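Asker: The structure's right below; bear with me while I get my questions together.
No lab work stands behind these numbers, since they all come straight from the coordinates. Everything numeric here is computed off the predicted structure, so don't read it as measured data. Virtual Cβ from ideal backbone geometry, glycine too; neighbours counted across all protein chains shown.
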Amino acid sequence: MLHLDDGFDLRPADASDAGRIALWMAQPHVRRWWQQDWSVERWAEEISRQTSGEHSIPCVATVDAEDLGYVELYRVRHDHLAEYYASGEHDWGMHLAIGDVTRVGRGLGRRLIGAVADALMRADPACSQVVAEPDVRNTPSVRAFVAAGFVQQGELQLPEKTAVLMIRSRTLEE
């Protein structure tokens, strides 16, 4: 369990989380952007695949001890995103979904994004940037990243979507 700022915690997901994650991914506000409305079994396999590799870390985010959403952290150097911008060796990327529909639109996404980016910068002094690549049409996500201190760096034509490259760079204070 990693304690983040602003009352959030992040814990590595495991197979026991597959049911909750599958439920979140089936929610219309998540399904539209993630397109991973998979069965519990497929999510259990995906979590197992991710936890056994070096590419990404699947996590469950909580606030005030209640599960809130799904976060994938990844080293950009291991991801196809590295081909689309001048990435640094230690850049971290994040994918984030607030799965609990009752908590959408309340500023929690913005706060969670900021807390995760802050934690990544603290945990990895060599990391100079945290990045994200939401779909250009996902206005709430883009706004949340901007509100969390990320800067839009232009559009990327990825195989699965047209994305906005969002970068939060380490500040002098960090």
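Asker: Along the positive direction of the dipole of the range 1-52 (beta-carbon charges: Lys, Arg +1; Asp, Glu -1; about the Cα centre), which of Ala18, Gln35, Leu2 reaches farthest?
Answerer: Gln35
Asker: Roughly how many debye, to the nearest 20, is the charge dipole of the chain about its Cα centre, given +1 on each Lys and Arg Cβ, -1 on each Asp and Glu Cβ, and no other charges?
Answerer: Working: 18 positive and 27 negative charges, 105 e Å.
It comes to approximately 500 debye.
Asker: Could you tell me the extents of the range 1-120's C-alpha atoms along the three principal axes, largest first, rounded to whole Å?
Answerer: Largest first, the range 1-120 extends 38, 33, 27 Å along its Cα principal axes.
Asker: If you average the C-alpha positions of the range 103-174 and of the range 1-40 separately, how far apart do those two centres end up, in angstrom?
Answerer: Between the Cα centre of the range 103-174 and that of the range 1-40, the gap is 18 Å.
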